[in-house]
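J.: One structure follows; several queries about it will come next.
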Amino acid sequence: MAKVTIFRPYPFQIGQKIHIQGGPRRGDWEVIGVDEKKIKLRCPVSSREFAWDHFCYAVTEQELAEWPQKY
C-alpha cells in the first residue's frame, strides 16, 4: 500500500464566507460567483472583486493499494 494525498476541487457555493490561510490570496472572502472555470470573490473590507481560475482543493490522505491508479 502507498500513502497518497488526494486533491479534489472544492465545491464553492455563492454566499459562502471563506478564509484562505496562505498564499497571495490569503484572507477573508465572500463567494459571489461560481462557474466551471472561475470563482468570483469579494473582499469584505475593500469590496474589491476578483475572478480567478479555481484554485482551492479539499485534501485527504488515504492508503491506496494501487498507485499510480489506472484510469
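The values are calculated or read from the model by the stated rules, or taken from the named source; none is laboratory data. Just so we're clear, the structure is a prediction, and the values are computed from it rather than from any experiment. So basically every Cβ, Gly included, is an ideal-geometry build from the backbone, and we count neighbours across all protein chains shown. Note: areas computed on protein heavy atoms with side chains; ligands, DNA, RNA excluded. Shrake-Rupley method; radii C 1.70, N 1.55, O 1.52, S 1.80 Å.
J.: Tell me, yes or no, whether the range 33-40 has at least one residue that is modelled with pLDDT of 80 or more and either open to solvent by less than 50 Å² (accessible area, probe 1.4 Å) or among the aromatic types (Phe, Trp, Tyr) (or both).
T.: Here is the first cut: in the range 33-40, the residues modelled with pLDDT of 80 or more are 33-40.
Restricting the remaining residues to those that are either open to solvent by less than 50 Å² (accessible area, probe 1.4 Å) or among the aromatic types (Phe, Trp, Tyr) (or both) gives 33, 39.
Within the range 33-40, one or more residues are modelled with pLDDT of 80 or more and either open to solvent by less than 50 Å² (accessible area, probe 1.4 Å) or among the aromatic types (Phe, Trp, Tyr) (or both).
J.: Looking at the range 1-46, which of its residues are part of a strand (DSSP E or B) and of a type in the set (Lys, Arg)? I'd like the intermediate steps shown before the answer.
T.: From the range 1-46, those part of a strand (DSSP E or B) are 2-9, 17-20, 27-34, 38-42; that's our starting set.
Across the range 1-46, the qualifying residues are 3, 8, 17, 38, 40, 42.
J.: On to the next question. Being outside any loop (DSSP other than H, G, I, E, B) and at pLDDT 75 or above is the filter here, so list the residues in the range 52-71 that pass it. Talk me through it step by step, then tell me what you get.
T.: Taking the range 52-71 and keeping what is outside any loop (DSSP other than H, G, I, E, B), we get 52-53, 57-64.
52, 53, 57, 58, 59, 60, 61, 62, 63 - these are the residues of the range 52-71 that are outside any loop (DSSP other than H, G, I, E, B) and at pLDDT 75 or above.
J.: Could you give every pair whose Cβ atoms fall below 9 Å, whose first residue belongs to the range 43-56 and is farther than 16 Å from residue 19 by Cβ and in contact (Cβ under 8 Å) with a residue 40 or more places away in the chain, and whose second residue is open to solvent by less than 60 Å² (accessible area, probe 1.4 Å) and assigned to a loop (DSSP other than H, G, I, E, B), counting only separations of at least 6 or pairs across chains?
T.: Pairs found: 54/12.
J.: What do you reckon, is residue 12 in contact with a Cys (Cβ under 8 Å, 6 or more places away or on another chain), open to solvent by less than 90 Å² (accessible area, probe 1.4 Å) and free of Cβ contacts under 8 Å to residues at least 60 places away in the same chain?
T.: Values: in contact with a Cys (Cβ under 8 Å, 6 or more places away or on another chain): yes; open to solvent by less than 90 Å² (accessible area, probe 1.4 Å): yes; free of Cβ contacts under 8 Å to residues at least 60 places away in the same chain: yes.
In short, yes.
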